[in-house]
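K.L.:
Questions regarding the structure given below will be posed in turn.
What follows is calculated from the coordinates using simple rules that are stated; it is not laboratory data. No experiment lies behind these values; they were computed from the predicted model shown.
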Amino acid sequence: MGLFDLTGKQALVTGGTRGIGLMIARGFLDAGASVIISSRDAGACEQARAELSAHGDVTAVPADLSSEAECLRLAGTVEGPLHVLVNNAGATWGAPLLEFPEAAWDKVLNLNVKSPFFLTRALLGRLEEAASDDDPARVINIGSIDGLRVPALPTYSSSASKAAVHMLPKVLAKELGPWRITVNAIAPGPFESKMMAATLDAFGDAIAASAPLGRIGRADDMAGTAVFLSSRAGSYVTGAIIPVDGGIATTLRSAVPPGEAPVAQRLGGADQPVEVADLRAAVARLDEVGHRGGQVDRHAQIIGPYRPAARLPSGASCGSLPARGCYAVRIRGRAASIRRTLSVPASSAKARCCRT
């Protein structure tokens, strides 16, 4: 068997009918595995099964994994040894801080955090049946780089859940190692998916420019990482979180088109000097992001001038700022979040100024 060959293995991919789950399922089939895909939408299951059948042996089982009962039912449909479990099914929710509802926590945590735990536990017998000293069974959780960094948008429950999705493999890797089961997580960056569609439509070019590799993820990027973790090549890897993001989170590079890079660099941290013209443009962008994504505009303040000896008069407004000179900008929150928002075009500016 080759280093990345999955011939003879059986894999289950939740959320396998679209997006990242579909990419992984196709990659497994191309590597020789038989694959079970699952989704709560029966129609999507059948459509994906028909599409994937050209690549190999695939079965589709509809299941709503937001409850333990459905996790147990899905586990009960698996026959024979299960070599790979991919916990990919997930949900997201975005809303401003003061409007974020309890339902957003319940829905997201039930599917993103509880279901990987319950499904993994329910399938331990099948995983152990497939495991050996030389070729462990594998569990792969699909997280997000927003579980590694502070996200640009107000997705409080989603980012918190993905951080938990990353921590769970570390805990289970220690406990299940003696069972000869490896447990790892993949933290994807931007990939084409239904969940990312609106964001990519609005900001796709800027997001691609934010990656040192200059593009968003492709299907082979995700499939290749999952195949690595599931094959002989990844048999000694456990408890790991692997970002697949082109370097966005791992280098904390700003999401700014090349022409705007100097602005981002000058706004790279709190109280850094910045030209007034750049400052106005940057705060305008922050304000626009606030209207689209939450609270950002409420956090922007011009606190200049940069030199304390030349304080702004009380009640000064942005319009009254001199055309030349250096000022400081302070945004409540992480500097990385500032840089990620600078590329968003603004239609208005409502920055407020205050005294130092």
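K.L.:
Mind listing the long-range amide H neighbours of THR59? Cut-off is under 5 Å, sequence gap 5 or more, other chains count too, H placed in the peptide plane at 1.01 Å from N.
P.N.:
VAL35, ILE36, ILE37
K.L.:
For region 36-92, just say rounded, prolate or oblate: build the C-alpha gyration tensor, square-root its eigenvalues into a ≥ b ≥ c, call rounded for a/c under 1.5, and beyond that prolate if a/b exceeds b/c, oblate if not.
P.N.:
oblate
K.L.:
How many angstrom lie between the C-alpha centres of region 1-32 and region 71-113?
P.N.:
Cα centroid to Cα centroid, the span is 20 Å.
K.L.:
Starting from the eigenvalues of the Cα gyration tensor, five times each then square-rooted, give me the equivalent ellipsoid semi-axes of region 1-158, largest first, whole Å. Intermediate values should be presented prior to the final figure.
P.N.:
Details: eigenvalues 163, 54, 50 Å².
Those come to 29, 16, 16 Å.
K.L.:
Taking θ = phi - 60°, what integer Hz values does the Karplus form 6.51 cos²θ - 1.76 cosθ + 1.60 yield along region 18-24, in sequence order, with x for Gly and Pro?
P.N.:
7, x, 4, x, 5, 4, 5
K.L.:
Through the Karplus equation 6.51 cos²θ - 1.76 cosθ + 1.60, θ set to phi - 60°, convert the phi angles of region 150-160 into ³J(HN,Hα) values in whole Hz; use x for Gly and Pro.
P.N.:
7, x, 6, 10, x, 9, 4, 5, 5, 5, 5
K.L.:
Bin by bin, in steps of 5 Å, what percent of the Cα pairs in region 117-248 do you find, going until the bin that has the longest distance?
P.N.:
2, 10, 18, 21, 18, 13, 9, 6, 3, 0
K.L.:
Whose amide H sits under 5 Å from the amide H of LYS9, counting only residues 5 or more places off or on another chain, with H placed in the peptide plane?
P.N.:
The answer is SER34.
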